[in-house]
Every structure is written in structure tokens, then in C-alpha cells.
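Data first, discussion second: the structure below is written as C-alpha cells.
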Amino acid sequence: MSTLGVGIIGSGGIALANHLPGFALCPDTRVVALCDSNPDVLARASQQTGIAATHADWHELIARDDVHAVVVATPNFLHGPITLAAAKAGKHVLCEKPIAMTFTEAVRMAEACDAAGVRHMTAFTYRFVPAMRYMTHLVKRGDLGQPYHFRAQRFQDWGDRNLGWRQVKKLAGSGELGDMLAHRIDYGHFLVGPVAKLVSDQQRFLDTRAGGSASDLDDWVAILARYATGATGVLESTKLATGRGEGHYGQDLAEVNGPDGSLAFTTQKPLELRVGRKGAKDLETVAVPKEFLVYPGSPRDPGQGDPVATFRYDQDYEFVAAIRENRPCVPSLWDGARVQAVMDAAIASAAEGRWVDVPLVG
Ligand SMILES: NC(=O)c1ccc[n+]([C@@H]2O[C@H](COP(=O)([O-])OP(=O)(O)OC[C@H]3O[C@@H](n4cnc5c(N)ncnc54)[C@H](O)[C@@H]3O)[C@@H](O)[C@H]2O)c1
């Protein structure tokens, strides 16, 4: 295989915003076909990208000989069936988060990809934020000592607008938990390791959203976690933080405190880290060093484009690099399964009002 052919399944928001520009940066890689069940979305995506090969049925895209790898960017309930079919057909898989509807399904997906010998990746995009990568490097190097606390806050204002499939349990599985907190659960895994047990609360404040559409999912979620290391975690996410903005705006904080210091970053300032030193009165701002501005090997020019958007392209580079180098992608579907284990435990905890143990994965 000289040119890697990629097929995109689900040609909506994230496919166009992240994956198309991401693959455009990758050497010897071409998005050869698009799929979407909505003909208007498919026509628009084809027109915007110039990719003429389009399919309404994802089975057809997977069956194409020129598709060596697929991106699964559909609503969540389809991630499992598409990933299993792609693995069976010998295609590498980059799957959007949350990767599955349940932990059991997530494990089945990761196992199927391993058994088929294809590369597999979870689109935990924020692992590629330069400040996040630098922060992880410092934590792993031991600059803070053994972390005491991890906290994550994702506060946005989506008002009462219609969220489409995102507000329907049978299509999304969970609401704010899978939509926004999944990434932050992964931050915690990345920074302080696996969650051992947790207690969670989840609430739906809006049963009906704009246009009278019913929602049967949480629009606020919080998790109080105990990590296997003994560190504590407090994670909160909401779409109802009025006046906070949304998307690239809004609070997206990850912070770690240890005996020798604290580190914090917000995605809104992806090239800065806030550093707390022993005895200081407040955190100070430190620029992310040059060597962390792009993912190792990525041809992306860090001086080009809006840094709040452009780090996202590095995840497609990692997917292609892992395929070329015949090594596991980071993060893999196993990382997606680890997050799914926490999500399942959070749903059980909120339903039953008790602490729940989280199974260790891998
Ligand atoms: N990694 C990230 O930062 C990030 C950001 C946003 C969304 N996501 C994830 O990406 C996925 C898609 O989210 P989105 O915001 O792009 O949603 P979207 O609604 O904009 O796009 C999803 C597309 O899938 C299509 N689709 C539905 N059923 C299909 C089928 N049977 N076959 C083919 N296409 C089908 C829809 O028509 C739609 O165009 C979700 O899992 C979401 O959680 C991840």
C-alpha cells in the first residue's frame, strides 16, 4: 500500500471540522470516499471536499478496495456495528468517542480489531492539545510528586437548542457524560492512571428542548472519583452554564495538584500551562516549549491557523503513523474501553445512589 485510502462514515460536523483537514496533512494519504445516510449532508460534504465517491450505506464504503482505513463519525449507537464490520473486512479503524453504548460492547470492538490485526484508535482529540501533552510529560517526569488531586471542568452554554441524536438515549447512550465528560475521564487516565471507584450524579434540567423535542438524557454530570493511586478526582460537565459560551469557548479546565506543585491548562489557551510552585501565591503562566507544539512527526506548521482548532489534526496523523509503523495507535480502542468502564459505573452509581467499583481494563 503506497497511498493510504481512507473512508469517512458519518460526514457531519466532526468529519469536516477535524478529520478532513487532519488527513489532508498526512503524507501519502487520501480520503477516497464519504458516507452519510442523510443525502443533503452527503451532497454538501462531497461538494465542500471535492470527494466524488459517496455512499448512503456504510457497508458499501467498507467493501471498497481502495478504502484501507475508516473513520467512524456517526451517532454513537452505530460505532460498534461499523467497527466490527470494518475489522472483519480488514480495515483500520479510527472511532469517535464515546466508542460504544456499553463497556461490554467497547471491549468486543477492541478485541475484534486486535484479532483481525488492524490498527484501532479512539478520537480522544484533547490528548493532542500541546499544553495537555506538556502537562502529561511533566506529571510523568515526577515534577509534582505523586498527584493528590485531579479535576476537570467542562462548562458550556448550549441553552435549550435541539441537540438532535445527542438528546436521545437509544442513539447516544448517555448525554453530557459521553458527549463531553468522556474526554475529561480520559484526561484523568492519561495524567493519574485508572479510576478504581466512583460516585456520580446526573441530572436532566430540560426535558424538552427547542421546537418541543423530547430529551431523555442528562445535561449535567459530576463524578467524584478515587484513582488506583489513591488520588482524588472531581469532574463536572454541563451544557447549561449560561453565559459561558460553547465549543471552542467555555471552560475546559484540567488541573493536577501534587506535593511539589500544581499544573493546569484550559483548551482555550492550548499553548500555555499554568504552573503552581511551592509557596507561591498563585499559578503563573508558562509558554509550552517548542518541541511540544506539534505531535512528534506531524508535518503540521504550528504557526498556521488558529491553535484552538489546529492541534486536532494531529490525531489523524497519529492514526496514519501507527498504520505505517505497524504499531498500536495512542490512544487505542482500549483507552476508549477504559473510559466506557467509568461511564457504565457512573450511570449505575447515579441510578443507585452509591459508590461503584470500576473494573481494571488491560
Ligand atoms: N472527538 C471530538 O472532539 C468530537 C467532537 C464532536 C463530536 N464527536 C463525536 O463524533 C460523532 C459524530 O458527531 P458529530 O458532531 O459529527 O455529529 P453530526 O450529527 O454532525 O454527524 C453525524 C453524521 O452521521 C450521519 N449518520 C447517521 N446515521 C448514519 C448511518 N446509518 N450511516 C451513515 N451516516 C449516518 C448523520 O446523518 C450525520 O450527518 C459522535 O460520536 C460524537 O460524539 C467527537
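The values are calculated or read from the model by the stated rules, or taken from the named source; none is laboratory data. All values derive from a computational prediction rather than experimental measurement. Ideal geometry is used to build each Cβ from the backbone, glycine not excepted, and the neighbour counts take in all protein chains shown.
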Next item on the list: May I ask you to verify whether Val71 is surrounded by 24 or more Cβ atoms within 10 Å (Cβ to Cβ), within 10 Å of the ligand (Cβ to nearest atom) and part of a strand (DSSP E or B)?
Entry: yes
Note to self: Every residue in the range 24-44 that is within 22 Å of the chain's Cα centre (by Cα) and closer than 20 Å to His79 by Cα, please.
What the structure shows: Val31, Leu34, Cys35, Asp36
Margin query: Among the listed residues Leu42, Leu16, Leu34, identify the single one that is out of contact with any Asp or Glu (no Cβ under 9 Å at 6 or more places or on another chain), in contact (Cβ under 8 Å) with a residue 12 or more places away in the chain, part of a helix (DSSP H, G or I) and not aromatic (Phe, Trp, Tyr).
Written below: Leu16
Next item on the list: Working only within the range 1-20, note down all residues that are within 9 Å of the ligand (Cβ to nearest atom) and not β-branched (Val, Ile, Thr).
Entry: Gly10, Ser11, Gly12, Gly13, Ala15, Leu16, Ala17, Asn18
Margin query: Residues to consider are Pro307, Pro296, Pro270; find the one that is touching a Pro at 6+ places or on another chain (Cβ under 8 Å), under 29 Å from Ile8 (Cα atoms) and surrounded by fewer than 22 Cβ atoms within 10 Å (Cβ to Cβ).
Written below: Pro307
Checklist line | Only listed residue being at positive phi, surrounded by fewer than 24 Cβ atoms within 10 Å (Cβ to Cβ) and assigned by TED's automatic domain parsing to the domain that holds Arg204, chosen from Gly145, Gly90 | finding: Gly145
Item checked: Failed condition for Asp179, given (1) over 20 Å from Phe124 (Cβ atoms); (2) surrounded by 17 or more Cβ atoms within 10 Å (Cβ to Cβ); (3) of a type in the set (Asp, Glu) -> (1)
Item checked: Filter result for Ser215 (assigned by TED's automatic domain parsing to the domain that holds Gln268, hydroxyl-bearing (Ser, Thr, Tyr) and in contact with a Lys or Arg (Cβ under 6 Å, 6 or more places away or on another chain)) -> yes
Next item on the list: Assess whether Arg244 counts as being over 18 Å from the mean Cα position of the chain (by Cα) and within 23 Å of Ala182 (Cβ to Cβ).
Entry: yes
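Conditions (1) buried (at least 20 other Cβ atoms within 10 Å of the Cβ); (2) more than 24 Å from Ala17 (Cβ to Cβ); (3) not hydroxyl-bearing (Ser, Thr, Tyr), marked per residue:
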position	(1), (2), (3)
Ser200	yes, yes, no
Arg204	no, yes, yes
Glu246	no, no, yes
Tyr249	no, no, no
Ala280	no, yes, yes
Notebook entry, point to check: Ala63 fails exactly one of the following numbered conditions: (1) of a type in the set (A, V, I, L, M); (2) in contact (Cβ under 8 Å) with a residue 60 or more places away in the chain; (3) out of contact with any Leu (no Cβ under 7 Å at 6 or more places or on another chain). What is the number of that condition?
Noted result: (2)
Check: Name the pairs whose Cβ atoms lie under 8 Å apart, with the first residue in the range 346-359 and over 10 Å from Val199 (Cβ atoms), the second of a type in the set (Ser, Thr, Tyr) and assigned to a loop (DSSP other than H, G, I, E, B), and 6 or more positions between them or separate chains?
Finding: Ile347/Ser174
Margin query: Tell me whether the range 339-357 contains one or more residues that are within 19 Å of the chain's Cα centre (by Cα) and assigned to a loop (DSSP other than H, G, I, E, B).
Written below: no
Next item on the list: From Leu171, Leu144, Leu138, grab the single residue that is touching a Leu at 6+ places or on another chain (Cβ under 8 Å) and outside any loop (DSSP other than H, G, I, E, B).
Entry: Leu138
Notebook entry, point to check: Restricting to the range 21-36, what's the tally of residues that are within 16 Å of the ligand (Cβ to nearest atom) and either closer than 18 Å to Tyr295 by Cβ or among the polar types (S, T, N, Q) (or both)?
Noted result: 3
Notebook entry, point to check: Out of the residues in the range 81-95 that are within 15 Å of the ligand (Cβ to nearest atom) and closer than 12 Å to Phe319 by Cβ, which is farthest from the chain's Cα centre (by Cα)?
Noted result: Val93
